[in-house]
Amino acid sequence: MARPGGPECHVSVVVLGTLAGPQSSSWLPILSSPWTSWRVGLSTSYTDLPASSNTADAPSPSTSSIFNGSIPDLMLTGATPLLPQLGSTQENGPQPKESDEIAAAAASTRVVLKRNINEGLKRVEANLARARLFIREAARVRNLTSTHADPDYVPRGPIYMNANAFHRSYLEMEKLLKIYVYEEGEPPMFHEGPCKSIYSTEGSFIHEMEKGNRYRTTDPHQALVYFLPFSVVRMVHYLFVPDSHEMNAIGLAVLDYVEIIANKHPFWNRSVGADHFMLSCHDWGPRASSFVPHLFNNSIRALCNANTSEGFNPYKDVSFPEINLLTGEIVGPLGGLSPSRRSVLAFFAGRLHGHIRYLLLEQWKGRDQDVRVYDHLPDGVSYDSMLKKSRFCLCPSGYEVASPRVVEAIYAECIPVLISDSYVLPFSDVLNWKSFSVQVPVKEIPNIKSILMAISPNQYLRMQRRIKQVQRHFVVNGPPKRYDVFHMILHSIWLRRLNIRIPD
């Protein structure tokens with residue numbers, strides 16, 4: 001049953017792996033290094049989860065991968081459950097006596113349950129197989145504009161890896177994607193999240209799923225994916241002890257929740273969590289998931305902190321943007337000054353927060369009138385106005401890779417200059433970030449000005465037009481609108497589900 005969203009989540013707006021074209025007769029997606037082998041369900045072959053009769057066959061968590069075929073499929077019967085069932089007795093302990101009638105009824109119920117589960121899974125996998133075929137065919141079309149009709153928006157241009165493949169995938173998602181939200185757990189740490197903070201994308205997504213929408217199903221047998229609706233931000237708020245320097249209480253809360261789900265429902269054990277997803281915008285989201293090895297290694301983890309050096313796996317995990325909505329809404333109109341009126345070459349303002357920012361501030365703070373870098377803005381200078389009159393906005397990572405400055409730049413139609421290590425950019429399975437942003441390696445921080453000055457006026461104008469186009473994919477709407485950030489997160493999850501096949 002859907003829960004009504006909290007008042008702080010009412011958003012008012014004043015705002016497949018890579019879907020790239022074929023390189024030969026067979027479609028292979030194009031991705032920037034280091035993800036050139038990522039296929040996300042649309043290549044000629046995709047991952048099966050092989051059946052196993054016993055969890056002893058399962059590989060260690062460090063080697064488990066839904067892409068190398070090493071994850072077992074734990075069947076409802078004939079397999080040792082991942083977690084013991086609640087209320088079960090020890091195998092060799094005393095067993096209660098049952099009458100023949102009760103035993104027969106229980107056996108009949110188990111048969112019906114297994115039949116329902118298997119039939120539902122067969123339908124799901126058949127639909128996914130057709131969707132893979134349609135998307136693979138669409139990826140063969142190299143046009144910059146999608147060939148599919150759409151009353152709202154037709155993807156086009158170089159901001160997409162493959163506009164036609166993305167559009168067909170999105171349309172298939174609208175027809176097929178069904179998400180089951182587990183009802184276990186109580187607010188505020190479950191079924192709710194922050195919608196007026198730097199972590200607003202976490203809260204707004206949970207809120208929209210709890211409200212109910214076309215993608216949510218109350219029948220778990222129809223679901224393609226299963227949502228674990230806990231909020232790491234709320235867990236940190238309620239469970240973390242300041243100055244304790246440890247987060248065991250948070251990790252154990254996640255572990256307890258997954259145990260409850262695995263004990264009460266058959267779906268986690270069926271796929272070893274591979275068709276389940278969590279979503280977190282908190283820096284500690286990856287660490288919280290590590291307390292459950294199968295969640296960390298197998299499940300789809302939608303994370304703002306999409307750091308490959310901390311275990312983010314672009315084969316199965318989703319990167320989504322960090323958006324700072326302190327009032328629950330986008331303040332002021334999108335856009336900024338026209339390109340000809342933008343007088344500042346590059347701009348950054350932010351406190352010392354991690355090694356990359358230290359290097360940026362050390363090199364550029366107060367040293368150049370074209371590259372305006374501040375740790376504190378001067379009195380009377382507006383942060384928003386600086387964004388709107390700058391051509392390029394510097395977006396260095398802090399202690400963690402994600403930064404709300406990326407979306408702030410997009411909203412202000414300022415070209416993002418991405419300075420980070422090990423960061424998988426949001427929606428990079430679909431979006432060609434090189435067409436509307438500048439990516440500067442950390443070692444090139446001293447050369448930022450020369451790098452930006454080398455971009456011709458015509459190239460800058462092209463990038464600026466593309467920023468305007470890509471805005472729709474990062475805007476928070478209440479209620480959500482097609483192709484906005486909520487739907488792009490869903491689409492990224494949909495692509496990861498296309499990557500696996502669960503045998504019945």
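Data table
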read-out	value
All positions within segment 187-196 that are in a loop (DSSP other than H, G, I, E, B) and either surrounded by fewer than 19 Cβ atoms within 10 Å (Cβ to Cβ) or of a type outside the set (G, A, S) (or both)	P187, P188, M189, H191, E192, P194, C195, K196
Qualifying positions in segment 453-468 - of a type in the set (S, T, Y) and farther than 12 Å from P416 by Cα	S456
Residue in segment 154-162 that is small (G, A, S) and buried (at least 23 other Cβ atoms within 10 Å of the Cβ) present	no
Some residue of segment 211-231 being assigned to a helix (DSSP H, G or I) and touching an Asp or Glu at 6+ places or on another chain (Cβ under 8 Å)	yes
Test: residue in segment 316-324 that is of a type in the set (V, I, T) and under 28 Å from I502 (Cα atoms)	yes
Test: I250 is under 23 Å from K316 (Cβ atoms) and over 19 Å from the mean Cα position of the chain (by Cα)	yes
Hits in segment 192-237 - residues which are out of contact with any helix residue (DSSP H, G or I) (no Cβ under 9 Å at 6 or more places or on another chain) and closer than 20 Å to L255 by Cβ	H237
Any helices (runs of 4 or more DSSP H) falling wholly within segment 355-435 and containing at least 1 residues that are among the hydrophobic types (A, V, I, L, M, F, W, C) and more than 30 Å from N458 (Cβ to Cβ)	355-364
Enumeration of residues in segment 283-304 that are in contact with a Lys or Arg (Cβ under 9 Å, 6 or more places away or on another chain) and farther than 21 Å from I500 by Cα	G285, P286
Test set (1) in the same structural domain as R465 (by TED's automatic domain parsing); (2) closer than 22 Å to V236 by Cβ - V344 fails condition number	(2)
Enumeration of residues in segment 356-386 that are surrounded by fewer than 18 Cβ atoms within 10 Å (Cβ to Cβ) and of a type in the set (V, I, T)	V381
Some residue of segment 249-256 being touching a strand residue (DSSP E or B) at 6+ places or on another chain (Cβ under 9 Å), among the small types (G, A, S) and not in a loop (DSSP other than H, G, I, E, B)	yes
Matching residues, segment 223-241, being among the hydroxyl-bearing types (S, T, Y) and more than 14 Å from P187 (Cα to Cα)	Y226
Out of V236, V241, sole residue that is part of a loop (DSSP other than H, G, I, E, B) and either out of contact with any strand residue (DSSP E or B) (no Cβ under 6 Å at 6 or more places or on another chain) or under 26 Å from I117 (Cα atoms) (or both)	V241
Residue count for segment 141-180, restricted to those that are under 26 Å from R462 (Cα atoms) and in a loop (DSSP other than H, G, I, E, B)	19
Flag if R372 is more than 15 Å from V438 (Cβ to Cβ) and basic (K, R)	yes
Answer from R482, R465 - the residue that is more than 25 Å from W494 (Cβ to Cβ) and either at pLDDT 95 or above or basic (K, R) (or both)	R465
Hits in segment 270-282 (condition: touching an Asp or Glu at 6+ places or on another chain (Cβ under 9 Å) and either outside the structural domain of H191 (by TED's automatic domain parsing) or more than 20 Å from H207 (Cα to Cα) (or both))	R270, S271, V272, A274
Only one of V406, V417 that is within 22 Å of V318 (Cα to Cα), in contact with a Phe, Trp or Tyr (Cβ under 8 Å, 6 or more places away or on another chain) and modelled with pLDDT of 95 or more	V417
Of all residues in segment 468-504 being among the β-branched types (V, I, T) and out of contact with any Asp or Glu (no Cβ under 9 Å at 6 or more places or on another chain), the one that is surrounded by the fewest Cβ atoms within 10 Å (Cβ to Cβ)	V470
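The values are calculated or read from the model by the stated rules, or taken from the named source; none is laboratory data. From a predicted model like this one, the values you see are computed outputs, not experimental measurements. Reconstructed Cβ throughout: ideal geometry from the backbone, glycine too, with neighbour counts over all protein chains shown.
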